[in-house]
1. What are the ³J(HN,Hα) values, in whole Hz, obtained from phi via the Karplus relation 6.51 cos²θ - 1.76 cosθ + 1.60 with θ = phi - 60°, for each residue of segment 284-292 in sequence order, with x given for Gly and Pro?
2. For the pair Tyr160 and Asp314, what calculated FRET efficiency results from E = 1/(1 + (r/R0)^6), where r is the Cβ-Cβ distance and R0 = 22 Å, to the nearest 0.05?
3. With θ set to phi - 60°, apply the Karplus curve 6.51 cos²θ - 1.76 cosθ + 1.60 along segment 64-77 and write out the HN-Hα couplings as whole Hz, x wherever there is a Gly or Pro.
4. Filter the chymotrypsin sites (Phe, Trp or Tyr not before Pro) in segment 217-288 to those in DSSP coil with at most 10 other Cβ atoms within 10 Å of their Cβ, and list the result.
5. Amide H of Thr273 versus every other amide H placed in the peptide plane: which residues, excluding those fewer than 5 positions away on the same chain, fall under 5 Å?
6. Would you pull out the residues with amide H under 5 Å of Ser266's amide H, same chain only if 5 or more places away, H placed 1.01 Å from N?
Amino acid sequence: MGGNQRRHHRLAAVLAACLLLGACDEDTGPGPVVSPPPAPPPITTPPPPPSGEALPSQLMLAGAVTGDVIGATMICAPEVGSFGGSPILSKFSIDRIPTQIYPDSRSGLSLPEPYLYLFDDNGFGGTSYKEAERLVDGPLFDTHISTEWGEPTRLDIPHYDGTVDLDHATFGMRFEYGALCFFAGGIGWSAPILPGTYRGVADGIAFMNGIVYRLYGSDVVVGGEASAVEPAVTLVGHEFDGGILDTTRPVALGTIRPDPSGPITSFFLDGATAGFKGTFNVRGATEGEAMVGQFALNHVNGDVLFGVVALDRD
């Protein structure tokens with residue numbers, strides 16, 4: 001190929017580059033080559049919270065870790081007055097009891113990550129409680145107030161406090177849409193009742209002779225499979241002082257025992273306050289290492305007491 005032909009081919013190539021890039025000056029030749037912009041980084045979805053992570057050590061949560069669900073049994077008093085998400089407890093606010101009992105409820109406390117709780121009501125969804133909504137980190141409970149659905153709702157989860165300490169069961173209080181509920185549960189939804197003796201605590205409310213008591217920390221003992229141990233709930237009441245639970249002045253209220261004149265679930269209050277009769281039911285929890293249940297008794301004069309029990313196997 002002659003020199004003229006080679007120059008013509010080079011000129012044609014330069015002109016083609018100029019036309020493509022639009023960056024040539026007639027006198028200076030082709031401009032700089034423009035690189036395409038870098039590709040955007042791929043969108044990543046944050047990983048789900050890890051299962052099996054330890055929960056806050058001060059909380060009594062049946063030995064659960066993140067990813068577990070605590071299957072709960074509940075008992076509720078409907079249409080209780082409230083202020084700021086907390087129940088107002090008085091004769092006039094609980095006189096609509098008898099209570100609603102949910103011994104076979106599929107409600108549960110899900111634990112997706114530390115300090116995040118979701119209370120699911122019978123599979124229909126429920127309220128989530130976040131660490132930022134932890135109103136009180138007190139000696140007895142973590143108290144949460146959630147406004148997720150507009151109206152304030154409350155969840156109390158107990159602490160280990162040296163006197164009320166359970167390894168395989170838990171309990172607590174909920175207040176939502178005017179219903180004051182106590183719940184007790186263990187990991188999973190059902191479990192056998194094993195041989196041995198189960199010991200634990202009760203929590204609930206008693207209205208007696210014009211006074212409202214919280215039954216937190218009352219002693220409970222129940223015999224397991226083939227046991228001769230008689231169920232007994234030794235009720236201790238704590239008065240409310242300005243809406244705060246005062247455990248420094250406990251009041252003995254009597255012992256719930258089986259009623260020999262009634263069916264197997266019939267119980268009465270044995271003690272100074274005679275006339276209370278009602279029911280007491282339990283079921284296994286946490287692979288049989290725990291027991292949970294509820295009680296509800298009414299007096300002929302209109303007084304009431306109700307609550308839940310949570311027990312570990314000896």
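Any read-out appearing in this document is the output of simple, stated calculations on the displayed coordinates, not a laboratory observation. None of the values given here were measured: they were computed from a predicted structure. Every residue, glycine among them, receives a Cβ derived from its backbone with ideal geometry; neighbour counts consider all protein chains shown.
1. Ordered by residue, 3J(HN,Hα) equals x, 8, 6, 6, x, 7, 9, 9, 9 Hz.
2. Given R0 = 22 Å and the Cβ-Cβ separation, E is 0.75.
3. 6, 10, 4, x, 7, 10, 8, x, 10, 9, 10, 9, 10, 10
4. Filter output for segment 217-288: empty list.
5. Distant-sequence amide H within range of Thr273: zero hits.
6. Under 5 Å from the amide H of Ser266 lie the amide H atoms of Asp259, each far enough along the sequence or on another chain.
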